[in-house]
Amino acid sequence: MKKNLNELAIFGGPPTFKEKLHVGRPNIGSREVLLQRINDVLDRKWLTNNGPLVQEFEQKIASLIGVKHCIATCNATVGLEIAIKACGLKGEVIIPSFTFIATAHALQWQGIEPIFCDVDPNTHNIDPQKIEPLITENTTAIMGVHLWGRGCDVEALEQIAHRYNLKLLFDAAHAFGCSYQGQMIGNFGNAEVFSFHATKFCNSFEGGAIVTNDSELAQKIRLMKNFGFSDYDCVEDLGINGKMNEVSAAMGLTSLESIDHFININLRNYNKYQQELSNIPGVNLITYDKEERCNYQYVIVEIDQSITEIDRDQIYKILWAENILARRYFYPGCHQMEPYRSRIADMGLMLTNTRHLAARVLALPTGTAIGKREISNICQILRLATTGEKITNEMLYQNIHAC
Ligand code: T4K
């Protein structure tokens, strides 16, 4: 039976949730510890420029990841830009289109052309088999993205990079605290970049970090993120202001102290979604390899319209009508956004998997802001929206509006 949208927005009643349930609601660690740290910053009167909290944050990340060097940055986008510059990339760099726009912009911002590659429909990550035909004499690197924290096919990418003498970078914005084949993400390629944006499970308000095992590259990156200064009055290279400040580091350190708690909450939420969604045909939750470490920050479902009858966008509208602010990450794919769309008009035809995924995927709320009861209700709305199941008004009242 085909359903009518109006009928499904919980029959035109008030939204199910009084408060909006956002994707990306920040996790906040101990307020007391954070405020104490910020007080100390104010007392020290050392607010930025490689302060003690930034140094501590860098050391703690390096030791958690088991990587030689960590350079904190003001955000991951600038981190990517610095890593790209420090690696000497130019010309063309191959990246997936199914990612946040920052991956592409970090290249284009410095006049490097992102060459969009299709993704594997199962992993959502760049498909190594599609890379070689895109390599030209202008290609200088491949930049993989560990989307949703699931590691790219690192070996395959390393082999291609090695064969064509290309640099290999990873946008690891989603993958802090995640492993790939037993090794922590952050140890691969020439360098990797994490994000500590407010919406990440471990956050520093805004922030990022470049990690690498290459000491020479690390030294270059340290100079570049501080205008190229090697000492007072001595600039050795072109640089920018990519520094993290002390208040961000205070938040980052406080978040770091709670990451096991945040991951446990995310895992609890993920398991609850898995249980509830298992009997909703056509709403398919992506899976994570249980052998790997994972932050479970992204609860991603693929809507199979051949089963649900209504499409992802209709489901999205229904959820929003109920105050569940799901997100269509990453619709419509970078190649369909400016300045890339006008330049490569027929690209959509080639990136079949990206196009299909961008039309099917929905990110659902998780993190410390929501619990099992909210998840049950979100799933009940999904069930109502996508199946022919009969739910009486009385059931709705008792089960949904009880939250
Ligand atoms: N590479 C990848 C693969 C990335 O996903 C990202 C960022 C980057 C690189 C760049 O990293 P950064 O330079 O940002 O460190 C959000 C984040 O702003 C962005 O960091 C993140 N990826 C992306 C996936 O999500 P938007 O455009 O969706 O942001 P916005 O303002 O719509 O907020 C997202 C949700 O979070 C909303 O539901 C509201 C909620 N939210 C947000 C903030 C900032 C809150 O509840 N509280 C808050 O303080 O990009």
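The values are calculated or read from the model by the stated rules, or taken from the named source; none is laboratory data. These numbers were taken from a predicted model, which means no experiment stands behind them. Positions of Cβ are generated from backbone atoms using ideal geometry, with glycine treated the same way; all protein chains shown enter the neighbour counts. Note: areas computed on protein heavy atoms with side chains; ligands, DNA, RNA excluded. Shrake-Rupley method; radii C 1.70, N 1.55, O 1.52, S 1.80 Å.
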Where residue 229 falls short, out of the listed (1) within 24 Å of the chain's Cα centre (by Cα); (2) open to solvent by 70 Å² or more (accessible area, probe 1.4 Å): (1)
Unmet requirement for residue 34, which otherwise passes all of (1) under 22 Å from the mean Cα position of the chain (by Cα); (2) within 16 Å of the ligand (Cβ to nearest atom); (3) of a type outside the set (Lys, Arg): (1)
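A quick yes/no check of all residues on (1) assigned by TED's automatic domain parsing to the domain that holds residue 194; (2) in contact with a strand residue (DSSP E or B) (Cβ under 8 Å, 6 or more places away or on another chain); (3) open to solvent by less than 60 Å² (accessible area, probe 1.4 Å):
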residue: 21; (1), (2), (3): no, yes, yes
residue: 43; (1), (2), (3): yes, no, no
residue: 46; (1), (2), (3): yes, no, no
residue: 51; (1), (2), (3): yes, no, yes
residue: 58; (1), (2), (3): yes, yes, yes
residue: 61; (1), (2), (3): yes, yes, yes
residue: 64; (1), (2), (3): yes, yes, no
residue: 68; (1), (2), (3): yes, yes, no
residue: 74; (1), (2), (3): yes, yes, yes
Those residues of region 332-367 which are more than 17 Å from residue 95 (Cβ to Cβ) and buried (at least 18 other Cβ atoms within 10 Å of the Cβ), in sequence order: 360, 361, 362, 363, 364, 365, 366, 367
Those residues of region 295-315 which are open to solvent by less than 10 Å² (accessible area, probe 1.4 Å) and within 13 Å of residue 266 (Cβ to Cβ), in sequence order: 295, 299, 300
Residue satisfying condition, being outside any helix (DSSP H, G or I) and at pLDDT 95 or above, within set 247, 211: 211
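Of the residues that make up region 304-323, is at least one closer than 18 Å to residue 123 by Cβ and more than 18 Å from the chain's Cα centre (by Cα)? Before you say what the answer is, go through the steps one by one.
The initial filter retains those residues of region 304-323 that are closer than 18 Å to residue 123 by Cβ, namely 304.
Checking which are more than 18 Å from the chain's Cα centre (by Cα) leaves us with 304.
The answer is yes, given that some residue of region 304-323 is closer than 18 Å to residue 123 by Cβ and more than 18 Å from the chain's Cα centre (by Cα).
Could you please let me know if residue 71 is under 24 Å from residue 203 (Cβ atoms), within 16 Å of the ligand (Cβ to nearest atom), outside any helix (DSSP H, G or I) and of a type in the set (A, V, I, L, M)?
yes
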